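Read through the structure below, which is laid out as structure tokens, and then see the notes.
The values are calculated or read from the model by the stated rules, or taken from the named source; none is laboratory data. What you see is a predicted model; the values in this text were computed from it and never measured. Heads up, the Cβs are rebuilt from the backbone with ideal geometry, glycines too, and the neighbour counts pull from every protein chain shown.
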């Protein structure tokens, strides 16, 4: 839906709610107003009762006087004297007017101001009875009261209660007259107020049938109510008649504007006692309705809704912005995927092309063993490159999809370093590279981290350094330990420095991006996926470490990785040499010497270090002469003054054949073995010199060490093992069975997990040494099969070692296998070295069990 | 983000509508005219008495004054038999604070001495009343130079003109006497039997045309004025030209006396007859014109067929018309008022060009102010040259000769007496 439509919809909803609120509130107001108006009308009717009672009361007084005058036949003077004595309030005046003349005139109880002796009064210019006196009294009203008029005696606005009287003249003649009991309007008004504070703004007026005010409230302007209405309201020619008709009817109310333009409610009711009189009350509508409509509430609701709408829009905008970012990212990802597939297609096809082509060449030259050997060698190289490429692709895809999880395990840093050295040696040797691996202050050999990923980081950086270093160049690895941020952690710094071709600053900016390779004619001859650094960076980030690179074209590159890793709970086994073991170590590397000295001393040895071969010979001789000969001498092979073999020869000749001499090899001692044997070298020790490495070698020489023989080429220890291979794929089965057979190992196949479980359930004791378990198999997968085997009732069958052998090579797959009860994991394609290593590990474990067996 | 701005504006408008204070209308203080001098919380009642049945224009001023003094109750009360009762009322127990006064009361000062005795001197500088806004010719000062009363409205005489009718008949509204007779002829030919009408009871009829004309004849003739005021019989000759003008006009047959006699009073009947729409010109005084606006809605004929009308001076000479500027109403302040300070404060508020003009416009009367921002209906009077304006106060013609001249004109107009008889009768009857 378009944004505009959504906004319009929201605005319409808000407007609809506001309209509803206003309409509802308005309706409530009208309802309450109607209710208040009804109450006001009722109050007006109540006022009518009060008014009637007052008027009737006053009229009765007037009537009683008139009745007395009529009954006693008084003259005018006598009558006025009589009422003068009867009047109790100074504000009340009585007039006695003859009605048989042209003008109304007569007597007053109070003299006019300035004429104290004059008690006469004339109403000649006051039209008090517009319809005539007779008509006034013949109306049949209970109360006969005049309109408010100006009292001609004191000019005070007054009303008069009237009663006709008959006066007797001195000559005995009678004259008609009218008695007026006159009350100032101000006196009347004081008593004529609404009894409740609720209507304090209400005003009241008394009207005659023509709408003329008898008494008018303040807001009732004009002389006539109809005039009042017409002056301030829209009128039509018949307005007066309609208004008159309405007021003449039953009690009720109407609305009109007053002189201030305020809307007012006018309630009206007839005064029963006077027939043609009306009580009309007025109250501003705002006074009646002010409490009903809470405009603040409406305002708050409106504001709240608008705020909500605004918030809604802002959130929508925010979402849209995020969606756009996500869409851009998706588009970018799609582009990246296309680029990736394109690159992959190229990178995979290249080694595949080599494999297929070389296979064809080998096939056509079966009779030529040299060509076949050469082709197979190249096929092997291409296959390994393809495997590396696939592994890297899997890793990078895992990393980029965010699904790469770390699977920490306890691992040996020494083994890790050994592995690094072993892996790198072939190429180091091939390129004749000056390789140096130094460790410094490694206090904790066992750490707890994802060993696989740490190995990946270390190997990637080291293999890159070796790959991109020219023959006879130099590659240095430094591994050092420092205290971590917590007592149970160490900061491991891994530095790989080479004197290779180096990198340009431009390439360094994008070197961590996948498939980034430097454009250089020299690089093009070197195989690489362009994924190694990207993976390494992601791994380091994942482990919250840092990776730093310094490089210059033609000068070399230095990568520094810093990782903070927890120390494993597993303690380094107690390694103590016999007390006071005298050890001499000679090396031209002061760092190595310092580290080795620390290590030897911590092992309990009395060690001495020298920086030259000559020095070593001299020290050995001197110790012998002093009667405190060295029990072990460790010599570096490559020393500036004299190589280790010559130094060994001199020591042997000087101190005799007893003292064991170890030669610190340059990682691969195979070329030195013959010369070393002739020089009387007792053994080799490889860099880096870990605590365990030194301990194992020295202990071995002193006759207390574990037996460690290089058994890689000797299969006698594992020959004769019988393995159950759970594998559904025929080719895979064929390959593993053939490879095992090459090492004298027999195997039996189970085509799926269930068959493997069944076979183990009926296996004889010791029939199988272990199981290689594929994971993805029909009927029952490897994980469930392992669980089933572990659940077998026969403890021997249930405890058989199970090694996963699967193409599921991710760390979480390994973790899942281990969690299911497996003892190890070997990824496909199979590296036979790893298989043999696992087999030896299991074999040794069996031997230890047998040794401990009762 | 236009929608956002619109939304915020709408929200702001709604909030302001919901929470805003009501607008204060017609606030004179906005122009700096009136600044209250008393405590604004003063509570009292001010009563204005007079003889008008209705005085909406004054009530409007009450409402405006209440914006400054909300606790002051102002009320207008009509007194019966005003001329007589006002003197009593001023010394009574419920004495008014402000009262009406009329030119006749000023002229007959002896009779109304009580008014003068009770009246505050409104020229007292301490009161701060701006008498300078009043046309000097209208301001009355006693022998001591005191100003007991302030003019509120001015009265004048003229004719209501149905402008739409003139337009329809393609007749120019007359500005000279000959144009008047010519227009009447044209209208008669167009079928209007009585192009001009007027109230013919109570000696009025041609008074709006002849009275200003007569005043103009004598205004610069001191001897004539003295003789007229002295009611010397020979002064009757000063009336002759006026009476002959009456005869001349009546003899042309432009006024249907029978039709005029149907108008029973010079107020409602005159207005409502004019609103019938078939009377081109209706002789009237400003006091009658003041009732026109309110009665528009009461006339079925006017409601059905409204038309544009205005009030014009009646052209009586070839030089044009005269504007006879006569005081219609004075206000005086009772110096014995219980709330004298507030009564004077109200007068200070009222006697300004703005308020007097506002009130005159509301009442549809002529303002007494120098700045004659006349109601639109009086626009023609504003166009007259100042030399054509006659202030009756300055003229000094007393009631007796005035009444006689008026009566003579009416009688001559109605053919009851001849010009000679009327002239000869001056000074010989009461």
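Of all residues in the stretch B:45-61 being farther than 27 Å from residue B:117 by Cβ and facing chain A (nearest Cβ under 9 Å), which is surrounded by the most Cβ atoms within 10 Å (Cβ to Cβ)?
Going through the stretch B:45-61, the residues farther than 27 Å from residue B:117 by Cβ turn out to be B:53-54, B:56-57, B:59-60.
Add one more test, that the residue is facing chain A (nearest Cβ under 9 Å), and what stays is B:53-54, B:56, B:59-60.
Working: B:53: 11, B:54: 20, B:56: 20, B:59: 24, B:60: 21.
Among those residues, the one meeting the criterion is B:59.
Can you give me the ranges of the strands (runs of 3 or more DSSP E) entirely in the stretch A:393-506 with at least 1 residues that are over 44 Å from the mean Cα position of the chain (by Cα) and within 30 Å of residue A:339 (Cβ to Cβ)?
The strands (runs of 3 or more DSSP E) meeting that bar are A:489-498.
Can you confirm whether the stretch A:86-97 contains a residue that is in a helix (DSSP H, G or I) and assigned by TED's automatic domain parsing to the domain that holds residue A:177?
Yes, the stretch A:86-97 has at least one match.
Residues that are assigned to a strand (DSSP E or B), in contact (Cβ under 8 Å) with a residue 24 or more places away in the chain, within 27 Å of residue B:105 (Cα to Cα) and not assigned by TED's automatic domain parsing to the domain that holds residue B:100: does the stretch B:368-389 have at least one?
The first filter runs over the stretch B:368-389 and keeps only residues assigned to a strand (DSSP E or B), leaving B:369, B:389.
After this cut, where a residue has to be in contact (Cβ under 8 Å) with a residue 24 or more places away in the chain as well, the list is B:369, B:389.
Keeping just the survivors that are within 27 Å of residue B:105 (Cα to Cα) gives B:369, B:389.
So of that shortlist, the ones also not assigned by TED's automatic domain parsing to the domain that holds residue B:100 come out as B:389.
Looking for residues that are assigned to a strand (DSSP E or B), in contact (Cβ under 8 Å) with a residue 24 or more places away in the chain, within 27 Å of residue B:105 (Cα to Cα) and not assigned by TED's automatic domain parsing to the domain that holds residue B:100, one finds at least one in the stretch B:368-389, hence yes.
Residue B:207: farther than 22 Å from residue B:383 by Cα, surrounded by 18 or more Cβ atoms within 10 Å (Cβ to Cβ) and either assigned by TED's automatic domain parsing to the domain that holds residue B:248 or in contact with a strand residue (DSSP E or B) (Cβ under 7 Å, 6 or more places away or on another chain) (or both), yes or no? Walk me through it before giving the result.
Values: farther than 22 Å from residue B:383 by Cα: no; surrounded by 18 or more Cβ atoms within 10 Å (Cβ to Cβ): yes; either assigned by TED's automatic domain parsing to the domain that holds residue B:248 or in contact with a strand residue (DSSP E or B) (Cβ under 7 Å, 6 or more places away or on another chain) (or both): yes.
Judged against the criteria, residue B:207 is not a match.
So, in the stretch A:204-229, how many residues would count as being at pLDDT below 85 and touching a helix residue (DSSP H, G or I) at 6+ places or on another chain (Cβ under 6 Å)?
Residues flagged as at pLDDT below 85 and touching a helix residue (DSSP H, G or I) at 6+ places or on another chain (Cβ under 6 Å) within the stretch A:204-229 amount to 3.
Condition first: touching a strand residue (DSSP E or B) at 6+ places or on another chain (Cβ under 6 Å) and either at pLDDT 90 or above or within 9 Å of chain A (Cβ to nearest Cβ) (or both). Now tell me which residues in the stretch B:96-107 satisfy that.
The answer is B:96, B:97, B:98, B:99, B:100, B:101.
Tally up the residues in the stretch A:128-145 that are part of a loop (DSSP other than H, G, I, E, B) and farther than 22 Å from residue B:95 by Cα, please.
10
A quick yes/no check of all residues on (1) surrounded by 15 or more Cβ atoms within 10 Å (Cβ to Cβ); (2) modelled with pLDDT under 85; (3) more than 25 Å from residue A:495 (Cβ to Cβ):
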{"site": "A:565", "(1), (2), (3)": "yes, no, no"}
{"site": "A:610", "(1), (2), (3)": "yes, no, yes"}
{"site": "A:615", "(1), (2), (3)": "yes, no, yes"}
{"site": "A:630", "(1), (2), (3)": "yes, no, yes"}
{"site": "A:643", "(1), (2), (3)": "yes, no, yes"}
{"site": "A:651", "(1), (2), (3)": "yes, no, yes"}
{"site": "A:656", "(1), (2), (3)": "no, yes, yes"}
{"site": "A:663", "(1), (2), (3)": "yes, no, yes"}
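Hey, can you tell me all the residues within the stretch A:738-779 that are in a loop (DSSP other than H, G, I, E, B), within 52 Å of the chain's Cα centre (by Cα) and surrounded by 19 or more Cβ atoms within 10 Å (Cβ to Cβ)?
Those that are in a loop (DSSP other than H, G, I, E, B), within 52 Å of the chain's Cα centre (by Cα) and surrounded by 19 or more Cβ atoms within 10 Å (Cβ to Cβ): A:752, A:774, A:775, A:777.
Residues in the stretch A:225-239: is at least one over 60 Å from the mean Cα position of the chain (by Cα) and under 30 Å from residue A:94 (Cα atoms)?
Taking the stretch A:225-239 and keeping what is over 60 Å from the mean Cα position of the chain (by Cα), we get A:225-239.
Retained after the next criterion (residues that are under 30 Å from residue A:94 (Cα atoms)): A:225.
Within the stretch A:225-239 (the criterion being over 60 Å from the mean Cα position of the chain (by Cα) and under 30 Å from residue A:94 (Cα atoms)), the answer is yes, since at least one residue qualifies.
Among A:246, A:198, which is the only one that is surrounded by fewer than 21 Cβ atoms within 10 Å (Cβ to Cβ), within 60 Å of the chain's Cα centre (by Cα) and assigned to a helix (DSSP H, G or I)?
Answer to the selection: A:198.
Just to be sure before I move on: is residue A:142 within 18 Å of residue A:84 (Cα to Cα) and away from chain B (no Cβ under 14 Å) in the structure I sent?
Taking the combined requirement at face value, the residue does not satisfy it.
Looking at (1) within 11 Å of chain B (Cβ to nearest Cβ); (2) touching a strand residue (DSSP E or B) at 6+ places or on another chain (Cβ under 7 Å); (3) farther than 22 Å from residue A:33 by Cα; (4) modelled with pLDDT under 85, which one does residue A:232 not meet, given that it meets all the others?
The number of the failed condition is (4).
What do you reckon, is residue B:93 under 25 Å from residue A:103 (Cα atoms), within 7 Å of chain A (Cβ to nearest Cβ) and outside any strand (DSSP E or B)? Explain how you work it out, then say what you get.
Numbers: under 25 Å from residue A:103 (Cα atoms): no; within 7 Å of chain A (Cβ to nearest Cβ): yes; outside any strand (DSSP E or B): yes.
No, not satisfied.
Considering only the stretch B:78-89, I want to know if a residue exists there that is more than 9 Å from every other protein chain (Cβ to nearest Cβ) and either at pLDDT 90 or above or not in a loop (DSSP other than H, G, I, E, B) (or both). Before you say what the answer is, go through the steps one by one.
Taking the stretch B:78-89 first, the residues more than 9 Å from every other protein chain (Cβ to nearest Cβ) are none.
Looking for residues that are more than 9 Å from every other protein chain (Cβ to nearest Cβ) and either at pLDDT 90 or above or not in a loop (DSSP other than H, G, I, E, B) (or both), one finds none in the stretch B:78-89, hence no.
Kindly indicate which of A:575, A:642 is touching a helix residue (DSSP H, G or I) at 6+ places or on another chain (Cβ under 9 Å), under 28 Å from residue A:676 (Cβ atoms) and in contact (Cβ under 8 Å) with a residue 40 or more places away in the chain.
Of A:575, A:642, the one residue that is touching a helix residue (DSSP H, G or I) at 6+ places or on another chain (Cβ under 9 Å), under 28 Å from residue A:676 (Cβ atoms) and in contact (Cβ under 8 Å) with a residue 40 or more places away in the chain is A:575.
For the stretch B:62-77, give me each residue that is part of a helix (DSSP H, G or I) and facing chain A (nearest Cβ under 7 Å).
B:63
Look through B:164, B:124, B:130, B:142 and report the one residue that is modelled with pLDDT of 95 or more and surrounded by fewer than 21 Cβ atoms within 10 Å (Cβ to Cβ).
Exactly one residue qualifies, and that residue is B:164.
Would you please name the residue that is nearest to the other protein chains (Cβ to nearest Cβ), looking only at residues in the stretch B:34-44 that are touching a residue at least 40 places away in the same chain (Cβ under 8 Å) and over 17 Å from residue B:359 (Cβ atoms)?
B:44
Of A:423, A:379, A:393, which residue is farther than 26 Å from residue A:493 by Cβ, modelled with pLDDT under 80 and surrounded by 16 or more Cβ atoms within 10 Å (Cβ to Cβ)?
The unique qualifying residue is A:393.
For the stretch A:457-479, name all the residues that are surrounded by fewer than 19 Cβ atoms within 10 Å (Cβ to Cβ) and at pLDDT below 90.
A:459, A:463, A:467, A:470, A:471, A:472
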